[in-house]
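The values are calculated or read from the model by the stated rules, or taken from the named source; none is laboratory data. Quick caveat, the model's predicted, so the values are computed rather than measured. Quick reminder, even Gly has a Cβ in these numbers, built from the backbone with ideal geometry, and neighbours come from all protein chains shown.
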Amino acid sequence: MDTRRLQLLLALSRLGSMRAVAEAFHLTTSTVSQQLAALAKEAGTQLIEPEGRRVRLTPAGRRLADHAVTILAAVDAARLDLDPDAEPSGTLRVGGFATGIRVSLLPILADLATRHPAVDVMISEYEPIEAFELLADDDLDLALTYDYNLAPAAPGPVLETVPLWQIPWGLGVPTSCADGPARVADYAHDTWIVNSRNTADEDAVRTLAAQAGFIPTIKHEIDSLDLVEDLIADGYGVGLLPIARPTRAGVKVVPLSGPEVILTAYAVTRVGRATWSPLRVVLERLSPAGALPLARWPRPDVAAT
């Protein structure tokens with residue numbers, strides 16, 4: 001039903017005459033009559049009936065006028081909620097990888113709560129593939145994701161991305177290995193460790209290996225970088241790790257002699273959603289003010305073991 005016509009019906013129930021409604025809405029009485037006739041057709045029932053030289057609402061018309069109060073109030077509330085200039089209000093569903101949440105989201109939450117207390121943020125941890133699917137299904141409002149320059153992500157046509165920060169990755173090896181830039185070919189006979197929940201890690205490893213002329217032996221799939229380090233320290237393989245991340249005893253991260261591996265973090269939304277006020281104020285705070293490189297991977301120093 002046309003909400004404008006519902007407004008006219010509600011006004012008629014309150015003002016009592018076509019002329020009064022016409023004057024209130026700066027219309028002609030003929031136009032008001034036509035619009036109410038169209039509303040009756042939409043409703044499938046008669047809404048007004050003659051009463052002398054005037055008209056009155058039928059029982060169905062009165063019931064629809066009662067519904068119009070609730071309907072129009074809900075429309076106004078929705079319009080206010082979606083107004084980009086309105087005070088942000090509502091629940092924002094954010095999903096992303098753990099480091100993206102630590103680096104980009106957690107530092108802004110206290111200020112967000114102070115400035116916009118009506119915005120409620122729900123946080124869930126997901127790898128990029130999971131987050132893209134949830135966004136496409138409209139089960140998330142914002143995703144914090146990542147990819148590698150050697151394995152770029154493909155979010156899909158209904159999603160749009162904004163880069164947030166970057167950090168170089170190197171090769172995690174036992175401390176007994178040589179220092180200095182690592183030649184990937186020197187590790188052709190080693191077992192490789194990749195991420196268990198996202199394919200980007202494995203894609204980057206296979207690209208590096210292909211350029212070095214071998215097919216990597218991938219045996220372990222691990223989500224936790226701490227556990228990746230434990231496996232490396234105990235001699236179960238090598239794997240990609242952030243260069244600026246403090247490591248446990250027995251493990252070091254050496255840069256690659258080439259090609260460079262860069263992780264980029266992104267804020268991802270559905271196309272056209274960024275103007276929704278709760279999402280907009282978060283995106284404005286997530287966006288970098290300066291250069292993209294991240295100085296240090298956010299992780300507490302691990303005691304030597």
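On the given criteria, is residue 263 surrounded by 17 or more Cβ atoms within 10 Å (Cβ to Cβ), aliphatic (A, V, I, L, M) and modelled with pLDDT under 90? Quick ask: steps written out before the conclusion?
On the way: surrounded by 17 or more Cβ atoms within 10 Å (Cβ to Cβ): yes; aliphatic (A, V, I, L, M): yes; modelled with pLDDT under 90: no.
Against the criterion (surrounded by 17 or more Cβ atoms within 10 Å (Cβ to Cβ), aliphatic (A, V, I, L, M) and modelled with pLDDT under 90), residue 263 does not qualify.
Do we find a residue being under 12 Å from the mean Cα position of the chain (by Cα) and either more than 23 Å from residue 263 (Cβ to Cβ) or in contact (Cβ under 8 Å) with a residue 60 or more places away in the chain (or both) anywhere in the range 147-157?
To start, the set of residues in the range 147-157 that are under 12 Å from the mean Cα position of the chain (by Cα) comprises 155.
If we keep only those that are either more than 23 Å from residue 263 (Cβ to Cβ) or in contact (Cβ under 8 Å) with a residue 60 or more places away in the chain (or both) too, we end up with 155.
The answer is yes, given that some residue of the range 147-157 is under 12 Å from the mean Cα position of the chain (by Cα) and either more than 23 Å from residue 263 (Cβ to Cβ) or in contact (Cβ under 8 Å) with a residue 60 or more places away in the chain (or both).
Of (1) in contact with a strand residue (DSSP E or B) (Cβ under 7 Å, 6 or more places away or on another chain); (2) surrounded by fewer than 22 Cβ atoms within 10 Å (Cβ to Cβ); (3) acidic (Asp, Glu), residue 234 satisfies all except one. Which?
Status for residue 234: all satisfied but (1).
Take residue 58 and tell me if it is of a type in the set (S, T, N, Q) and exposed (fewer than 15 other Cβ atoms within 10 Å of the Cβ). Show your work before the answer.
Values: of a type in the set (S, T, N, Q): yes; exposed (fewer than 15 other Cβ atoms within 10 Å of the Cβ): no.
Judged against the criteria, residue 58 is not a match.
Residue 278 passes all but one of (1) crowded, with 20+ Cβ neighbours inside 10 Å; (2) modelled with pLDDT under 90; (3) part of a loop (DSSP other than H, G, I, E, B); which number fails?
(3)
In a strand (DSSP E or B), closer than 20 Å to residue 184 by Cα and either in contact with a Lys or Arg (Cβ under 7 Å, 6 or more places away or on another chain) or assigned by TED's automatic domain parsing to the domain that holds residue 182 (or both), is that true of residue 253? Explain how you work it out, then say what you get.
Working: in a strand (DSSP E or B): yes; closer than 20 Å to residue 184 by Cα: yes; either in contact with a Lys or Arg (Cβ under 7 Å, 6 or more places away or on another chain) or assigned by TED's automatic domain parsing to the domain that holds residue 182 (or both): yes.
For residue 253, the condition - in a strand (DSSP E or B), closer than 20 Å to residue 184 by Cα and either in contact with a Lys or Arg (Cβ under 7 Å, 6 or more places away or on another chain) or assigned by TED's automatic domain parsing to the domain that holds residue 182 (or both) - is met.
Can you tell which of 189, 220 is part of a strand (DSSP E or B), in contact with a strand residue (DSSP E or B) (Cβ under 9 Å, 6 or more places away or on another chain) and not assigned by TED's automatic domain parsing to the domain that holds residue 136? Break it down into steps so the answer makes sense when it comes.
On the way: 189 fails: part of a strand (DSSP E or B).
The unique qualifying residue is 220.
Residue-by-condition table, conditions (1) surrounded by 16 or more Cβ atoms within 10 Å (Cβ to Cβ); (2) in the same structural domain as residue 245 (by TED's automatic domain parsing); (3) at pLDDT below 90:
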{"site": "113", "(1), (2), (3)": "no, no, no"}
{"site": "121", "(1), (2), (3)": "yes, no, no"}
{"site": "138", "(1), (2), (3)": "no, no, yes"}
{"site": "145", "(1), (2), (3)": "yes, no, no"}
{"site": "149", "(1), (2), (3)": "yes, no, no"}
{"site": "152", "(1), (2), (3)": "no, no, no"}
{"site": "159", "(1), (2), (3)": "yes, no, no"}
{"site": "175", "(1), (2), (3)": "no, yes, no"}
{"site": "178", "(1), (2), (3)": "no, yes, yes"}
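Starting from the range 207-220, keep only residues that are closer than 15 Å to residue 183 by Cβ, then list their pairs with residues that are surrounded by 13 or more Cβ atoms within 10 Å (Cβ to Cβ) and among the hydrophobic types (A, V, I, L, M, F, W, C) whose Cβ atoms are within a distance under 6 Å, requiring at least 6 positions of separation or different chains.
Note: pairs meeting the criteria are 208/184; 212/184; 212/185; 214/188; 216/192; 216/205; 216/209.
Could you tell me whether the range 192-211 includes any residue that is closer than 14 Å to residue 169 by Cβ, hydroxyl-bearing (Ser, Thr, Tyr) and not assigned by TED's automatic domain parsing to the domain that holds residue 149?
Yes, the range 192-211 contains at least one residue that is closer than 14 Å to residue 169 by Cβ, hydroxyl-bearing (Ser, Thr, Tyr) and not assigned by TED's automatic domain parsing to the domain that holds residue 149.
Is there any pair with a first residue in the range 247-268 that is on the phi > 0 side of the Ramachandran plot and a second that is small (Gly, Ala, Ser) and not in a strand (DSSP E or B) whose Cβ atoms are under 7 Å apart and which are 6 or more apart or on different chains, and what are they?
250/233
Looking only at the range 61-72, decide whether some residue is without any contact (Cβ under 8 Å) to a residue 40 or more places away in the chain, closer than 30 Å to residue 281 by Cβ and assigned by TED's automatic domain parsing to the domain that holds residue 268.
Scanning the range 61-72, I find no residue that is without any contact (Cβ under 8 Å) to a residue 40 or more places away in the chain, closer than 30 Å to residue 281 by Cβ and assigned by TED's automatic domain parsing to the domain that holds residue 268, so the answer is no.
In the range 9-19, is there at least one residue being under 30 Å from residue 139 (Cβ atoms) and in a helix (DSSP H, G or I)? Give the derivation first.
Step one: filter the range 9-19 for residues under 30 Å from residue 139 (Cβ atoms), giving none.
Within the range 9-19, not a single residue is under 30 Å from residue 139 (Cβ atoms) and in a helix (DSSP H, G or I).
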